[in-house]
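Quick note: the coordinates plus some simple rules give every number you see, no bench work behind them. Remember, predicted model here, so these are calculated numbers, not experimental data. All Cβ positions, even for glycine, are placed from backbone atoms using ideal geometry, and neighbour counts span all protein chains on display.
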Amino acid sequence: MSEKQSSKVIAPSLIGRAGGESGTFSLIDGKATAATIKAEIKEEVERIVAAGGKRPHLAAVLVGHDGGSETYVKNKVLACEACGFQSTLLRFEDDITEAELLACVDRLNNDPDVDGFIVQLPLPKHIDEQKVIEAIDYRKDVDGFHPINVGRVAIGLPAFISATPKGILELLRRYNVETKGKKCVILGRSNIVGKPMSQLMMQKGVDATVTVCHSRSTTLKEECLQADIIIAAIGQPAFLKGDMVKPGVTVIDVGTTRVPDAIRKSGFRLQGDVDFDAVAPLASKITPVPGGVGPMTICMLMQNTLAAGKHEYYD
Ligand code: GUN
């Protein structure tokens with residue numbers, strides 16, 4: 001879950017307009033934070049290599065030609081370069097059989113030079129995604145999707161944490177958002193974002209009181225109106241409106257839906273799950289789309305790869 005990078009993140013008329021308890025809102029700049037973290041990772045990698053250690057190596061498996069997946073994987077390879085990692089991209093046509101893909105996973109599991117790898121999702125319908133995820137050696141599962149990593153995160157053990165929730169937690173920390181005893185509402189219950197995010201927000205040290213709302217929730221608006229922190233990962237463009245938030249709220253927007261935009265060369269723009277223009281004036285802190293959560297997701301994949309290279313969680 002990454003996104004196209006852009007320097008344009010906010011309508012100038014909105015910057016600093018009254019809102020929130022302090023009278024202004026500030027942007028949580030994921031793009032700048034990710035750049036800082038990638039520079040920190042590169043420094044560490046060069047120290048490791050200078051001391052005779054191994055350069056971390058991430059492999060990415062891409063099946064088919066989905067536009068979004070192509071962009072995400074390209075950005076992951078570019079991030080590897082920025083961090084001083086070795087990277088390998090393995091491409092397959094979308095008529096690859098499940099058995100062939102599982103054989104590829106097996107080769108990567110057994111390749112001592114590859115520290116971690118990802119299989120970009122979604123996969124073609126004839127391939128069982130869960131079967132592929134479970135075939136990945138959990139010690140190389142830098143996406144944090146394998147049930148062993150998911151389970152270890154749930155009970156607070158060291159493990160690879162899914163990159164988007166990990167990146168959001170890092171943003172909250174770096175922007176000094178108070179979480180202890182605060183009410184956090186998460187919109188969406190996906191395995192990649194909503195569920196792991198709820199566990200991270202309630203873990204000891206973060207200490208938020210967490211509510212997860214989803215498409216069948218009947219009190220979603222009421223829950224949002226009480227929230228100190230809202231994490232919107234429901235996959236519906238501009239879902240969170242101004243009349244659903246209380247003044248001073250911190251808003252994290254995970255949405256990246258491509259909506260048609262004739263003005264752009266690409267023919268589309270990325271729209272978050274938050275109606276930014278309506279919500280920002282009420283918020284104390286808010287992430288833009290693009291330039292918020294997306295760059296952090298890739299950056300956390302890099303952190304996980306560095307951890308894999310250092311055998312930080314597993315031997
Ligand atoms: N597809 C969308 N987001 C992700 C991700 O974080 N990892 C993988 N492997 N596929 C994805």
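Key figures
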item	result
Cα-derived Rg to Rh of region 129-173, Kirkwood definition	1.01
Karplus 3J(HN,Hα) series, Hz, for region 30-37 with 6.51 cos²θ - 1.76 cosθ + 1.60 (x for Gly, Pro)	x, 5, 5, 4, 5, 5, 4, 5
FRET efficiency, ASN109 to THR24 (Cβ-Cβ, R0 45 Å, nearest 0.05)	0.35
Region 59-68 - phi-based ³J(HN,Hα) in whole Hz, Karplus 6.51/-1.76/1.60, Gly and Pro as x	10, 10, 9, 10, 10, x, 10, 4, x, x
For SER26, residues with placed amide H under 5 Å, excluding near neighbours	LYS285, ILE286
3J(HN,Hα) from dihedral phi, region 99-109, Karplus parametrisation 6.51/-1.76/1.60, rounded to Hz, x for glycine, proline	4, 5, 5, 5, 5, 5, 4, 4, 5, 5, 4
Descending semi-axes in whole angstrom, ellipsoid equivalent of the chain, from the Cα gyration tensor	32, 21, 20
Between region 130-163 and region 199-261, the alpha-carbon center distance in angstrom	25
Within straight-line cross-link reach of LYS221, aspartates and glutamates at Cα separation under 13 Å, skipping those fewer than 8 residues along the same chain	ASP243
Greater than 32 Å apart at Cα, pairs in LYS265/LYS310; LYS241/LYS265; LYS76/LYS182; LYS195/LYS285; LYS131/LYS241; LYS54/LYS204	LYS265/LYS310; LYS76/LYS182; LYS131/LYS241; LYS54/LYS204
Inter-label distance for ALA51 and GLN236, nm, one decimal - labels placed 7 Å from Cα along Cα-to-Cβ	5.0
Student exercise, region 125-234 dipole from Lys, Arg, Asp, Glu Cβ charges, in Debye to nearest 20	120
